[in-house]
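Structure first, then comments.
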Amino acid sequence: MTETLTTANPTFSRRKPGVLGGALIVAGSTVGAGMFSLPVVTSGMWFGWSLLLLLGVWFCMYSGGMYLLETNLCYRPSDSFDTLAGDTLGRTGRILNGLSVAFVLYILTYAYVSGGSSVVSHSLGMLTGIELNASFSALLFATVLGVFVVAGAGAVDRITTIMLGGMALTFLGFCHGLLSSADSQTLFPGLPMTETMPYIAGAIPFLMVSFGFQNCIPSLVKYFGKEPVALRRAAIIGTLITLMFYLVWQVSVLGNLERDAFPAVLAAGGNIGHLIGALEQSGVSLGLSLLLQLFSHLAVATSFIGVALGLFDYIADLFGFANDLRGRLITGLMTLAPPTVLAIVAPNGFLAAIGYAGICATVFALIVPVLMAAVCRSRGMNGGYRVPGGTPRMVLVLLFALVVLVCQLMNMAGWLPAFGS
Ligand SMILES: N[C@@H](Cc1ccccc1)C(=O)O
């Protein structure tokens, strides 16, 4: 759902959203690919730790967003993230920030092609018995949805709204089913800490990506205007809706799948189709599985369109491409060709991609917002909102960024224990 802000919400372009509208935009921007990685990457530490960790990561990521809001309110509402970073942190800060946003969008686009083709293959195999080659389904997924991206935000407004409605219904449907069969014994199996704790560090970058939304703050400020109270409320309610959503999702999956089922899912690459396959094997009914699959299709498609459109606009802006058919085709190619080619070559890199996104996202979601707010404070600027908590909270958020970076680098170096291997 990562797109809602830039593209999908028709209410957005016509009138100012109220607090609830703003909260839904924040939640829509936050929930995305990260969600599908959560049960898989937290399977080692299991449910109890994952609850604590989700709360802690929510707090740090929400704070990152609030520092960006504080800074943004010191400037004109129409100023972009790029402008804020440039004025507070100079040219280098601006470039680093822009690169980190662009990298995360590229990596997420790849993750969606990889994840999307995985559900497409799974559903096709289940419904028709046709085994689609993973690389071919990646190409199919990216080409079909790429048409929407090149057609532009106007063309996808209505479709995306319909898809978001479908997502809400299917989510309620399968969660209701899965929650009623979730087993507290499965959620709290009484595992010794020595068994679960070693897997905490490896999961942190994934949880962090799941709570990424900060880059939507400048657009939100643009639409709301200088309304500190409403903006802060929208952000806190929106991120809390996301937290609730993730908790329900974790109970639904981890309450139905035994921990022992996860090493096989991880060994296969931890992609969305593998997770759904494992749930089916554990005895989840065909109806529920179909609802879950439909939800996954919709979630991945809407997020793909949103993230890819964000990247599309960024590239068009950066290179000054024209908004005619030729310009849009070139921009579309530059946006979609690299992630699609990568997905054809490496169709199952879904989990790995989200981990990489974690590294890049620390820059624009945590480090840059804190530094920008610190600069504004030292210059005595006041936009009508100051994040409470003083320097200790700023240091906490920076430390969290450091933890994410260290964990992900250790993940990549293979220095952290991998569950099931
Ligand atoms: N939170 C988004 C990813 C994201 C990261 C950083 C910024 C914006 C979005 C997801 O889980 O898919």
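Tabulated values for the structure
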| item | result |
| --- | --- |
| Qualifying positions in the range 34-52 - within 16 Å of the ligand (Cβ to nearest atom) and of a type in the set (S, T, N, Q) | 37, 42, 50 |
| Residue 284 buried (at least 16 other Cβ atoms within 10 Å of the Cβ) and either in a helix (DSSP H, G or I) or within 16 Å of the ligand (Cβ to nearest atom) (or both) | no |
| Leading residue by the ranking (nearest to the ligand (Cβ to nearest atom)) among those in the range 203-226 that are among the polar types (S, T, N, Q) and buried (at least 24 other Cβ atoms within 10 Å of the Cβ) | 210 |
| Within the range 156-251, helices (runs of 4 or more DSSP H) holding 2 or more residues that are within 20 Å of residue 18 (Cα to Cα) | 217-224 |
| Qualifying residue in the range 179-200 (condition: buried (at least 17 other Cβ atoms within 10 Å of the Cβ), more than 19 Å from residue 246 (Cα to Cα) and touching a helix residue (DSSP H, G or I) at 6+ places or on another chain (Cβ under 6 Å)) | yes |
| Among the candidates 361, 413, residue that is within 30 Å of residue 261 (Cβ to Cβ) and touching a residue at least 24 places away in the same chain (Cβ under 8 Å) | 361 |
| Test: residue in the range 179-202 that is closer than 25 Å to residue 29 by Cβ and not charged (D, E, K, R) | no |
| Members of the range 40-82 found to be touching a Gly at 6+ places or on another chain (Cβ under 7 Å) and surrounded by fewer than 20 Cβ atoms within 10 Å (Cβ to Cβ), listed by number | 77, 82 |
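Okay, residues lined up against (1) within 16 Å of the ligand (Cβ to nearest atom); (2) touching a residue at least 12 places away in the same chain (Cβ under 8 Å):
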position	(1), (2)
58	yes, yes
66	yes, yes
75	no, yes
113	yes, yes
125	no, no
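Bear in mind that the values in this text are calculations on the coordinates, not laboratory data. In this text the structure is predicted, and so the values were computed from the model without any measurement. Neighbour counts are summed over all protein chains in view; Cβ atoms, including those assigned to glycine, are modelled from backbone coordinates with ideal geometry.
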